[in-house]
Amino acid sequence: MSEAVAVIHDNRLRAIRRRHPWVFSGAIMRLDGDPAPGDLVTVTDGTGEFLARGYWNPHSDIRIRLVTWREDESLDEAFWRDRLSRAIAGRHVENRIHELGTANAYRLVNAESDGIPGLVVDRYGDWLVVQALTLGIAERKDMLADLLVELLSPAGIYERSDVDVRQKEGLAPETGVLRGEAPPELIEIDENGRRFLVDVRQGHKTGFYLDQRENRAIIGDWFRSDERASQRTVLNAFAYTGGFAVYALGSLVKRVINVDSSAEALALARRNVALNGYRTDDDDFVEGDVFQVLRYYRDAGQQFDMIILDPPKFAQSPRQVENAARGYKDINLMAFRLLRPGGLLATFSCSGAVTADLFQKIVFSAVLDAGREAQIIRWLAQAPDHPVALTFPEGGYLKGLLCRVW
Ligand code: SAH
């Protein structure tokens, strides 16, 4: 049985030659053969010249996810073992991530950017949590799980394929134990010496915002050498399970107020603060809508020395960018107004469709309207265990600015 061949329109060859891993339906001129969903197909130009190979999904607009541009490479188990090994080797020295910190929770495989479109593997202590985001990966899930056991000997592998993007691939959500033992209800992880409880079954993403690890260290530790740390009040907006709060409390600031709309997230934030030995006052855990809570603080005349804004993805697609921009501008404008002179705003966007350039412009227009002055002290991005392949700039989604406000 020979592999089906997808022939590409002449004017769509460039992206494939430049090794972009996505082939959209409109790029395909002709399909020779009858591939089953998830099967490998060969991609050629109109003259039959080999370009690449990847997995086929007739249900998705991204019709083919390319995995190799080498004709002599056979996509057998050894191939996948090699791809996984390379991704893993890029993360370890054991428990050190690129020498930038220590943690036993980090991303091991970052999908397209690690040459395995649609596969995410995160490590949480002795467990692995995987997401199969594409049909091609869903079909190869068992083989990949066996390889992960062989390469990493985890206590267990848990699947969290309950993400919306699966719908676009024609896939239903799937969760559960794939290999080994079921994870405990909460896994305790260590991140730069801080401890966190992670709910890998119900938590966001695979349980924790691993992509913010470095930024938690940079921002949370900001007041560490500040002699006036004990007078500083930090507002941790969109707090989730208290990641930034635990770091900031380690700098011995006076107070960190956590705001989140999710009661479950806040309950876990509280446990994480306690787990690290800090006080948990009721007033420091505020269940509410950040958009409203910021206005409440404005009306109450409350001021802060640092505000962290780490909202969820406001733009799910390029079409939503304009609305998202309004949302980002609103919270940033409010935050600028609430900061004492010399205070710090750490502001993020994890919307891939909002570029770093656009985000900076939004923050700029917010500071103008707030009537304040601000300087960028640092440009922030996702942690290095979430690498971005140069051929796949879409892989870079998290951007942030640390600003000093006057
Ligand atoms: N900074 C966190 C991650 C934040 S994720 C960390 O480092 O772990 C975004 C959080 O925003 C989620 O916990 C979600 O519950 C919360 N959220 C979403 N919309 C919100 C809103 N309008 N008001 C308050 N919280 C909101």
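Being open to solvent by less than 40 Å² (accessible area, probe 1.4 Å), within 12 Å of the ligand (Cβ to nearest atom) and not aromatic (Phe, Trp, Tyr) is the filter here; which residues of segment 207-234 pass it?
Those that are open to solvent by less than 40 Å² (accessible area, probe 1.4 Å), within 12 Å of the ligand (Cβ to nearest atom) and not aromatic (Phe, Trp, Tyr): 207, 210, 211, 212, 213, 215, 216, 217, 219, 220.
Please work out which residue is surrounded by the fewest Cβ atoms within 10 Å (Cβ to Cβ), limiting yourself to segment 157-197 and to residues that are assigned by TED's automatic domain parsing to the domain that holds residue 108 and at positive phi.
176
Within segment 4-21, how many residues are within 24 Å of residue 140 (Cβ to Cβ) and open to solvent by 60 Å² or more (accessible area, probe 1.4 Å)?
Summing the residues that are within 24 Å of residue 140 (Cβ to Cβ) and open to solvent by 60 Å² or more (accessible area, probe 1.4 Å) in segment 4-21 gives 1.
Given the criteria outside the structural domain of residue 146 (by TED's automatic domain parsing), surrounded by 16 or more Cβ atoms within 10 Å (Cβ to Cβ) and acidic (Asp, Glu), does residue 39 qualify?
Yes: the conditions hold for residue 39.
Would you call residue 59 open to solvent by 50 Å² or more (accessible area, probe 1.4 Å) and within 30 Å of residue 210 (Cβ to Cβ)?
Spelling it out, residue 59 is indeed open to solvent by 50 Å² or more (accessible area, probe 1.4 Å) and within 30 Å of residue 210 (Cβ to Cβ).
Among the residues of segment 292-317, count how many are within 13 Å of the ligand (Cβ to nearest atom) and either more than 21 Å from residue 232 (Cα to Cα) or out of contact with any Phe, Trp or Tyr (no Cβ under 7 Å at 6 or more places or on another chain) (or both).
Of the residues in segment 292-317, 10 are within 13 Å of the ligand (Cβ to nearest atom) and either more than 21 Å from residue 232 (Cα to Cα) or out of contact with any Phe, Trp or Tyr (no Cβ under 7 Å at 6 or more places or on another chain) (or both).
When you go through 259, 290, 200, 273 one by one, which is the residue that is open to solvent by less than 40 Å² (accessible area, probe 1.4 Å), among the β-branched types (Val, Ile, Thr), more than 21 Å from residue 340 (Cβ to Cβ) and touching a Leu at 6+ places or on another chain (Cβ under 8 Å)?
Selected residue: 273, the only one of 259, 290, 200, 273 that is open to solvent by less than 40 Å² (accessible area, probe 1.4 Å), among the β-branched types (Val, Ile, Thr), more than 21 Å from residue 340 (Cβ to Cβ) and touching a Leu at 6+ places or on another chain (Cβ under 8 Å).
Going through 366, 374, 370, 346 one at a time, which residue ends up being touching a residue at least 60 places away in the same chain (Cβ under 8 Å), within 12 Å of residue 403 (Cβ to Cβ) and among the small types (Gly, Ala, Ser)? Break it down into steps so the answer makes sense when it comes.
Details: 366 fails: touching a residue at least 60 places away in the same chain (Cβ under 8 Å); 374 fails: touching a residue at least 60 places away in the same chain (Cβ under 8 Å); 370 fails: touching a residue at least 60 places away in the same chain (Cβ under 8 Å).
Step by step, each of 366, 374, 370, 346 is checked, and only 346 is touching a residue at least 60 places away in the same chain (Cβ under 8 Å), within 12 Å of residue 403 (Cβ to Cβ) and among the small types (Gly, Ala, Ser).
Are there any pairs, at least 6 apart or on different chains, whose C-beta atoms fall under 8 Å, with the first in segment 124-141 and closer than 16 Å to residue 164 by Cβ and the second acidic (Asp, Glu) and assigned to a strand (DSSP E or B), and if so, which?
131/159; 132/159; 132/174; 138/174
Test residue 244 against the criterion of being touching a residue at least 60 places away in the same chain (Cβ under 8 Å), within 9 Å of the ligand (Cβ to nearest atom) and surrounded by 14 or more Cβ atoms within 10 Å (Cβ to Cβ), and give yes or no.
yes
For segment 183-206: of the residues being out of contact with any helix residue (DSSP H, G or I) (no Cβ under 9 Å at 6 or more places or on another chain) and not in a strand (DSSP E or B), which is nearest to the ligand (Cβ to nearest atom)?
Selected residue: 206.
Which count do you get for residues in segment 359-406 that are under 17 Å from residue 222 (Cα atoms) and either open to solvent by less than 20 Å² (accessible area, probe 1.4 Å) or among the polar types (S, T, N, Q) (or both)?
The number of residues fulfilling the criteria is 7.
Would you say residue 258 is modelled with pLDDT of 95 or more, within 18 Å of residue 311 (Cα to Cα) and within 14 Å of the ligand (Cβ to nearest atom)?
yes
Considering every residue within segment 163-175, establish whether at least one is among the polar types (S, T, N, Q), in contact with a Ser or Thr (Cβ under 9 Å, 6 or more places away or on another chain) and not in a strand (DSSP E or B). Spell out the reasoning first.
Let us first name the residues in segment 163-175 that are among the polar types (S, T, N, Q), namely 167, 175.
Adding the requirement that they be in contact with a Ser or Thr (Cβ under 9 Å, 6 or more places away or on another chain) leaves 175.
Next, from what is left, pick out any that are not in a strand (DSSP E or B): none.
No, segment 163-175 contains no residue that is among the polar types (S, T, N, Q), in contact with a Ser or Thr (Cβ under 9 Å, 6 or more places away or on another chain) and not in a strand (DSSP E or B).
Would you confirm, using the coordinates I've provided, whether residue 103 is within 30 Å of residue 188 (Cα to Cα), modelled with pLDDT under 95 and open to solvent by less than 70 Å² (accessible area, probe 1.4 Å)? Quick ask: steps written out before the conclusion?
Working: within 30 Å of residue 188 (Cα to Cα): yes; modelled with pLDDT under 95: yes; open to solvent by less than 70 Å² (accessible area, probe 1.4 Å): yes.
Criteria met by residue 103.
Among the residues of segment 322-331 satisfying the criterion of being buried (at least 17 other Cβ atoms within 10 Å of the Cβ) and more than 14 Å from the ligand (Cβ to nearest atom), which is farthest from residue 298 (Cα to Cα)?
Per the criteria, the residue is 325.
The values are calculated or read from the model by the stated rules, or taken from the named source; none is laboratory data. The structure presented is a predicted model; accordingly, all values stated were derived computationally and were not measured. With ideal geometry, Cβ positions are generated from the backbone for all residues, glycine too; neighbour counts draw on all protein chains shown. Please note that ligands, DNA and RNA were not included when accessible areas were found on the heavy atoms of the full protein model with its side chains. Shrake-Rupley method; radii C 1.70, N 1.55, O 1.52, S 1.80 Å.
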